[in-house]
Amino acid sequence: MTSARRPAMSDVATLAGVSGQTVSRVINGHDNVSPDTRLRVKRALAELGYRPHRAARALRTGRSEVLGVVVATLETVGNSLMLQAVAAAAEREGYSIALVSLGENVALADAVDRLAEQGVDAAVIVNEATRYIADVVSAPIRLVLVDAPADVPYPTVRSDHERAAFELTSHLLARGFPAHHIAGPADSFAAQAREQGWRRAHETADLVAPDPLRGDWTAESGRRLGAELARASEVRAVFCANDQMALGAMHALHAAGRAIPADVAVAGFDGISDAVNFWPPLTTVEQDFAGLAAAAMGLAIADTDVHRVIPAHIVQRASSVVAD
């Protein structure tokens, strides 16, 4: 028994009643096709399940339509959400992705070289992986960095971490107490920016910011540091640099008998979907991961070196708001 033949462009042309050249124009997005003809061709493409041969199209266009993505780890929710959003943005543009995780034995420069050897059109360096960008002396492919300072010689996309952290901390400070901070890793750009916003909010409120405690983005580090804070009766508000650490801190506060938010207000950052189901529901900063990914994808396929900042929004919930 032989397998069914893969539909060819000539089959699409026959079904749509047009020339093969017209089918090619529609597939490649050319403008010189009438709306009615374009619609007929698209219907024929869908009916036959036709997919252009990627290798042949790469020879014609000079593009592989493959986007490289480099992540440091997928163990943190923020990295996973960003990767998911980049994959969706790539699919909308007709791209597939080639993923490299740095792990313990893969340097960023080696990851970029590996993607270049695979013929990707460009690569998006996601979140924590950008901390190693100085190791890339000369990139053989176009790079776009998600969450990196604007002084790097590559286009960048980032959330407005500093402003969002300032606004969230100001919300916590409205209770009249300093807000303790469970920060992210010291070499993380996002963690640094969020810490800057937290500090600026205290300066604006004419309050002394307590010494931050440094976690590693995991719920376990939040639990461990939250237990330390729970033992201090003067702790009345805690801003965690991501939602996972906030989950751990809330666990520790509950275990110590500290009521949230009556005794201690808690807030996180990222806006993960599970935050609404924490107990109590978590106040957080909601990052626009889809917007970040769309901007990164746009920069990856365009010849523009710019730095894009995507707004992030506070979502107030019961973990920081005392009911009247």
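The values are calculated or read from the model by the stated rules, or taken from the named source; none is laboratory data. These numbers come from a predicted model, not from an experiment. Quick reminder, even Gly has a Cβ in these numbers, built from the backbone with ideal geometry, and neighbours come from all protein chains shown.
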### Message
Go through the range 195-229 and report how many residues are surrounded by fewer than 16 Cβ atoms within 10 Å (Cβ to Cβ) and on the phi > 0 side of the Ramachandran plot.
### Response
1
### Task
Please enumerate the residues belonging to the range 22-47 that are more than 32 Å from the chain's Cα centre (by Cα), under 22 Å from R5 (Cβ atoms) and modelled with pLDDT under 85.
V23, S24, V26
### Message
Being of a type in the set (D, E), surrounded by fewer than 23 Cβ atoms within 10 Å (Cβ to Cβ) and closer than 30 Å to M250 by Cα is the requirement here; does E128 meet it?
### Response
no
### Qualifying positions in the range 301-324 - loosely packed, with under 15 Cβ neighbours inside 10 Å and closer than 30 Å to D121 by Cβ
A302, D303, T304, D305, V306, P311
## Note on the structure
Expected single match for in contact (Cβ under 8 Å) with a residue 40 or more places away in the chain and more than 30 Å from V309 (Cα to Cα) among R236, R223, R231 is R236
